[in-house]
Every structure is written in structure tokens, then in C-alpha cells.
Ligand code: PAP
């Protein structure tokens, strides 16, 4: 049985003494298979216990501005990268290469998540003093976004990644964050849960499809990107992103190397070798260093981890789920 200290800590992480939230938790389906996190099913998606209160609190309290920009992803789609690129594009006139905030801060600190950071633990942050454009991140599913984001037609950049690499990256991530061996999850067990749609902010396919459909309905407000395209042709994807965000590169800037400079600064090699990303932490109270966000950054690493049977099964599910949508992953 959990000690009273553990219960108290769990309660605090979940937003604790708030009876309303405790009641919500009690009424929701729960999955414990990922070991390091318990997942609760809320509005058809699975949320890690410690972030669900942030989802609910942001739904209640977050008030968008029409100038806000949102970086939205499924976990492990390349969030850290896209946040770095977006922040760098929007703020490029404010910094020189030697004073750039990305040199000393992880992009999750510069582009905070609504549910994981700002509204976590039932906090209600005062975001009214932030200068526009404010840039926020979230993994919240399309249907559960705080309403004002869609009401105000805020600009959303959504990034997805092929199912197999996303799964492998997620599995590695939770094993790295897990600490002791008691929290390690076998790849086969993780795979079974993932195929059932039980993963953080999953089901993966429904998450992607929700934003894919929104991008078709509102092409001027939702830019749908793929990690593989970003890797293959970073330069043209970056220009497209800048255009969409309302910060296009002039030809003079391109000639002077502004695009290449951002690509270099935000590259995996550059970011992963910075001290802040090797030994720094987002939360000093939690023993997880920023290097968990940097592993291989390769397309097709799934080949090193998945059996033929797993590949066929995941491909089959992906095909079935995306059938008729016009989206290929
Ligand atoms: P998050 O959703 O939890 O924030 P996210 O940043 O999406 O995590 O996922 C990390 C993945 O992006 C890692 O992929 P891998 O496990 O297959 O290696 C990580 O290596 C990759 N990544 C991080 N930074 C970059 C970057 N600058 N360029 C390309 N890929 C990156």
C-alpha cells in the first residue's frame, strides 16, 4: 500500500486537494501498463495522470488571442525541433547567433506546453502580460483543445511522424525516464498497448486524423507537416513554415543566409551538443535531464527494433485507420 507521503505527492502531482479533479480521475478508465505513467481516458484520448489536470484546467481557463501561435504534435513527432524552429523564425530579429536563447534554454522552456507546464497541477497562470505573438505547445487532441483556440482561428502548426518511428521513439523515451529497472517496459508490451491506441495522448491515429481534417477544413489556419519531409528538405519546409506563421523570409534574408542559420542552430547535432540539453533539466525537482529529448533523429530507426510481424501489424492498422483520409504515413 502506498505510504501517506507517496499518496500526498501523487495527489499534488494530480492537482491534489482539488476535489473536482479527484472525482474526474475516479470516474475515468485507467491503464497502468506503461509503468512509469498511469493513463486516464478523457474525451476519447489517453492522458498521463500528471498532465490530465493540465488539460482540464487549460480547457477551463486558457483564453487565446487571435495572434497566438500553436505548435501541436503527437509525442515524439519532433516537438523539440519544431518548437526550436518556430521560436527562431518568429524571434529572428531579436537575437544574434551568440545571444540566442536556444543556446541556454531547451525549446520546451521557450515554447511552453499548456497542459504539461503552464496549467499543470491546476495552476492558472497569468499569461496576459506576455507579448504577442505568444507561442504555445500542446499534445492535446484536436477535439479537446481549449475552445478559444479554434473560435479565434489561431494559427496551428501540426507535426506528425511515421507510426513506427514514433512508437520506437516513445518506447525509448519512457524507458529512459523510468529510472530503475522496475519501471522498464518490454517493447512487446508497449507495442500491444500502442496498437490498442493506449499511449500518452493517443490513440496516435485519431490524434493525427483530427488535425489532418482540421487542416483540410481550415488550410489558412492549420499547417500540417511531416517529420520525414522536414528531415528531407529542411530549407523549403522552413520557408513554408515561416510564410504560414506570418514571418516570411525576404529574398535578401535568404541570400544573407538567415534560413541556413536557423537550420544550423536547430539541427540535432547543434542542439544535442549544448550543455543545456546534455545536463540541464526542465524541472529541477524531477531527475530527468533534457537529453531525453535527443536520441538518434533518424528516419527508419524502427528497422532496428521491430520484428517483421510488428511491422506488418502496425502498417496494417495505419492503413485501415487512414483509409480514405488522403493522408499517408
Ligand atoms: P516530445 O514530444 O516529448 O517533446 P519530441 O521532441 O517530439 O518529444 O521527440 C524526440 C524525437 O525528436 C527524438 O527522436 P528519436 O527518438 O527517433 O531519436 C529526437 O531524437 C528527435 N529530435 C530532437 N531534436 C531534433 C532535431 N533538432 N532535429 C531532428 N530530430 C530531433
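Every number in this text was worked out from the coordinates using simple rules, so none of it is lab data. What you see is a predicted model, and the numbers here were worked out from it, not measured in a lab. Here Cβ is always computed from backbone atoms with ideal geometry, including for glycine, and neighbour counts include all displayed protein chains.
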What nm value, rounded to one decimal, do you get for the distance between residue 325 and residue 151 when each label is placed 7 Å out toward the C-beta? 2.8
Region 29-322: antiparallel DSSP beta bridges as a percent of all, rounded to 5: 30
Quick check: pseudo-label points 7 Å beyond the Cα along Cα→Cβ at residue 283 and residue 181, how many nm apart are they? 2.7
Checked the chain against the a/c 1.5 cut and the a/b vs b/c comparison, axes a ≥ b ≥ c from its Cα gyration tensor; verdict rounded
Classify region 183-329 from the C-alpha gyration tensor, please: rounded if a/c falls under 1.5, else prolate or oblate depending on whether a/b exceeds b/c. oblate
For the pair residue 273/residue 26, report the inter-label distance in nm, with labels modelled 7 Å from Cα in the Cβ direction. 5.5
Highest first, please rank the peptides 103-110, 313-320 by the mean number of other Cβ atoms sitting within 10 Å of their residues. 103-110, 313-320
Label region 247-329 by shape, choosing from rounded, prolate and oblate, from the square roots a ≥ b ≥ c of the eigenvalues of the Cα gyration tensor; if a/c is under 1.5 it is rounded, and otherwise prolate applies when a/b is larger than b/c, oblate when it is not. oblate
For the chain, what does -39500 (n - 2.57) per DSSP helix run (n ≥ 4), summed and divided by total residues, give at 222 nm, in deg cm²/dmol to the nearest 500? -12500 deg cm²/dmol
